Amino acid sequence: MKENKKTLIITSIVCLIPIIVGIILYPSLPDQITTHWDFSGTPNGYSSKFVGAIVFPAVLLLVNILLPLLMRLDPKYENMNDKLKTVVFWTIPLVSILCSSATLASGFEVDTYIQVITPLFVGLLFVFIGNYLPKTKQSYMMGIKLPWTLESEDNWNKTHRLGGFVWVIGGIVIMISSFFKWGMYVLFTTFMLMFLIPSVYSYMIYKRSKEEN
């Protein structure tokens with residue numbers, strides 16, 4: 001619990017950095033700044049500089065504070081893998097830094113290469129999560145939460161062993177694709193497969209166990 005509080009304090013401080021930078025740069029920013037890009041990295045969504053530079057990172061700070069508190073509501077909180085919890089806790093601060101950097105840079109017409117950075121970051125995140133998935137015990141807020149995995153510990157363990165392997169491979173594929181123009185398309189296609197394959201496998205285990213019984 002003490003370790004979680006320490007992590008929360010540190011991650012919240014990291015989440016404050018984009019807000020502070022946004023306040024410092026605020027007078028130099030144009031009235032409208034980019035807050036969304038298409039698959040090719042072309043800006044296609046804009047917000048006021050107050051929303052883009054201050055409100056968005058402030059919302060992520062709030063999410064960062066609430067996330068550990070919400071996770072504590074899980075009756076099986078103690079089952080959560082500590083290292084995977086650390087990965088989850090650090091995801092919001094890193095997303096805040098990434099998104100705010102791209103948004104603020106766009107205000108000064110600096111190319112953000114968001115179409116490369118996003119799949120690279122997401123792919124690396126999946127590799128880390130996939131590495132710890134097989135070591136994650138049953139819980140309601142962490143892992144591949146399906147009716148069949150929550151019903152059976154054996155189903156949960158088998159699904160997460162396969163899921164961990166699939167997520168690591170999927171993450172590597174996404175990271176490699178980030179250096180190509182079609183990287184963002186691969187990201188969403190791979191993302192779907194990473195959830196579909198373990199889900200189908202879990203259902204097959206469930207059906208087989210029902211037939212045997």
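Points to keep in mind about this one:
- Screening 175, 141 for residues that are aliphatic (A, V, I, L, M), out of contact with any Ser or Thr (no Cβ under 7 Å at 6 or more places or on another chain) and in a loop (DSSP other than H, G, I, E, B) leaves exactly one candidate, 141.
- The range 138-159, residues that are within 18 Å of the chain's Cα centre (by Cα) and modelled with pLDDT of 95 or more: none
- Members of the range 13-53 that are part of a loop (DSSP other than H, G, I, E, B) and either touching a His at 6+ places or on another chain (Cβ under 6 Å) or within 15 Å of residue 109 (Cα to Cα) (or both): 29, 30, 31, 41, 42
- Filter pass, residue 43 being surrounded by 14 or more Cβ atoms within 10 Å (Cβ to Cβ), modelled with pLDDT of 95 or more, closer than 30 Å to residue 181 by Cβ and in contact with a Ser or Thr (Cβ under 6 Å, 6 or more places away or on another chain): no
- Matching residues in the range 151-163 - criterion: being touching a Gly at 6+ places or on another chain (Cβ under 9 Å) and over 12 Å from residue 197 (Cβ atoms): 156, 160
- For the range 71-89, the tally of residues that are touching a helix residue (DSSP H, G or I) at 6+ places or on another chain (Cβ under 6 Å) and modelled with pLDDT of 85 or more stands at 4.
- Unique residue being of a type in the set (Val, Ile, Thr), at pLDDT 90 or above, under 26 Å from residue 119 (Cα atoms) and within 16 Å of the chain's Cα centre (by Cα) when the list is 95, 51, 14: 95
- Per this entry, residue 121 is not counted among residues that are closer than 18 Å to residue 81 by Cα and not hydroxyl-bearing (Ser, Thr, Tyr).
- Any chance residue 187 is assigned to a helix (DSSP H, G or I) and modelled with pLDDT of 90 or more: no
- Unique residue being in the same structural domain as residue 22 (by TED's automatic domain parsing) and without any contact (Cβ under 8 Å) to a residue 24 or more places away in the chain when the list is 98, 94, 150, 104: 98
- Among the conditions (1) out of contact with any Pro (no Cβ under 8 Å at 6 or more places or on another chain); (2) among the basic types (Lys, Arg); (3) in a helix (DSSP H, G or I); (4) surrounded by fewer than 16 Cβ atoms within 10 Å (Cβ to Cβ), residue 161 misses just one, which is (1).
The values are calculated or read from the model by the stated rules, or taken from the named source; none is laboratory data. Nothing here was measured: the structure is a model prediction, and the numbers come from that model. Every residue, glycine as well, gets a Cβ built from its backbone with ideal geometry; the counts of neighbours run over all protein chains shown.
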